[in-house]
Structure formats: structure tokens, C-alpha cells
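See below for the structure under consideration.
The values are calculated or read from the model by the stated rules, or taken from the named source; none is laboratory data. Small disclaimer: the values here were computed from a predicted structure and weren't measured. Don't worry about glycine lacking a Cβ; one is built from the backbone with ideal geometry, like all the others, and counts go over all protein chains shown.
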Amino acid sequence: MNVDHIHWLGHASFRIEDQGKQIYIDPWKLKTGKPKADLIFITHSHYDHHSIEDIRKITHKNTLIVGPADVMQEHKNQGYTVTPGDTKTIAGLSFVVLPAYNLNKSFHPKSKNWVGYNIMLTNGQTIYHPGDTDFIPEMKSIKTDIFLPPVGGTYTMDAVDAATACSTIKPQVVIPMHWGDIVGVRSDVDLLEALITVRVEIKEPE
């Protein structure tokens, strides 16, 4: 499966190309010259995921923003508020909104209604960005082609829990994230790769 259309921008930030459409997830610390966004998905309101400064860099007059309620307070009339369990089609792009939360730590409470996204591209390929989360029970029912698991631990699942999530979800390709900045190092990625049989695509930040 080709994943050249998925660009890791570092940390939890991605740019996805879909037949000329530019989709961003949690843009942060963007390098200059990035294409303008058609859709921006925000998982939660922490500064390294909801960066208004970076959103401004890639926004044009028709850019739509999707995010949970506390994020969308900053972007009124610019997009859509979502909650876990939603299924939506916006600007021709279909996606399912999943919960994202910690099980035994307090950084990402379930009560915040923060989210991850399982996005379906025009060709039917699905990409699941889980946001900042542990391996939660809701993942047992997710089906996706490409999974972007956090591996850094501390604030999210670590490589061992990410491996369990990968074995449960059974994607075709795994692209690890949430490493290389703030928390997570290359050895976390190597451990994940050693623990699973699914293809792991290790991206360099763009």
C-alpha cells in the first residue's frame, strides 16, 4: 500500500493529500511553505496539537476546521464541532470521530470529549489518527487501513501498548507518531516494529 500521500510533520502533526485536497491533522511547528489547507482536523486543545499560530499559516478563506467543543470556541463560524461517535461528511470527505483519553493518568480525561479521527479518502482508503490516547476499549471495534499510533508514553500509550492496539486493529500499514519531540525516541519506534508483524513505515519529519 502506497503511503507517499501521508506526510509526517513531526510530533502528532500530519498532512494528507487526497486528489488535490490538502488535509492537516494537529498542525504544529510547521516549516515554511506548506500548502494551504482545505480541511484541518484538531484532536484536542493542548498547545502542541491546537496551535493557532500554525493554523493561521495554512488557512485560506475557504479552509474548514474540525475539532471538539473547546477547540472550536477559538474558530467560530470556521468549521464544525464534533464529539466522539459522530460520523460526518464535510467537503466530500467522510470520517468517524472516536474518543481519545487516558485510562490511568490525568492528562486527557474522558470527560473532555477529545477525539481521534478515522478518515476515509476519495479512493476508499482509511487513516486513523487516534489523538492523544491510551489503548482504549473503543479501539477494539475500529477498522482502518493505516494506523498512526502514538508511541512516546508519558501522555499517551507507549510502544508496548501501541503494539497491542496494532494487533487489535489489524491495519495494513502503521506510521508511528508522538515521538522525536517532547517525548518519545527512535528506540520506541524500533520496539514497536519488533513487537508487531504489520508493516511499519517510519517517516522523517517534513
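Test Asn123 against the criterion of being in contact with an Asp or Glu (Cβ under 6 Å, 6 or more places away or on another chain) and part of a loop (DSSP other than H, G, I, E, B), and give yes or no.
no
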The condition from (1) within 21 Å of Glu138 (Cα to Cα); (2) under 15 Å from the mean Cα position of the chain (by Cα); (3) free of Cβ contacts under 8 Å to residues at least 40 places away in the same chain that Leu103 misses is numbered (2)
Kindly indicate the residue of the stretch 1-23 that is part of a loop (DSSP other than H, G, I, E, B) and in contact with a Ser or Thr (Cβ under 9 Å, 6 or more places away or on another chain) and also modelled with the lowest pLDDT among those meeting that condition.
Gln19
Among the residues of the stretch 71-78, is there at least one that is modelled with pLDDT of 95 or more and either of a type in the set (A, V, I, L, M, F, W, C) or crowded, with 22+ Cβ neighbours inside 10 Å (or both)?
yes
Filter the stretch 24-42 for residues that are out of contact with any helix residue (DSSP H, G or I) (no Cβ under 6 Å at 6 or more places or on another chain) and over 18 Å from Leu93 (Cβ atoms); which is modelled with the highest pLDDT?
Lys29
For residues that are in a loop (DSSP other than H, G, I, E, B), without any contact (Cβ under 8 Å) to a residue 60 or more places away in the chain and buried (at least 16 other Cβ atoms within 10 Å of the Cβ), tally how many sit in the stretch 131-175.
13
Scan the stretch 52-59 and tell me whether some residue there is more than 13 Å from Lys112 (Cβ to Cβ), among the charged types (D, E, K, R) and under 17 Å from the mean Cα position of the chain (by Cα).
yes
Residue by residue through the stretch 9-33, note down the ones that are among the charged types (D, E, K, R) and touching a His at 6+ places or on another chain (Cβ under 9 Å).
Arg15, Glu17, Asp18, Asp26, Lys29
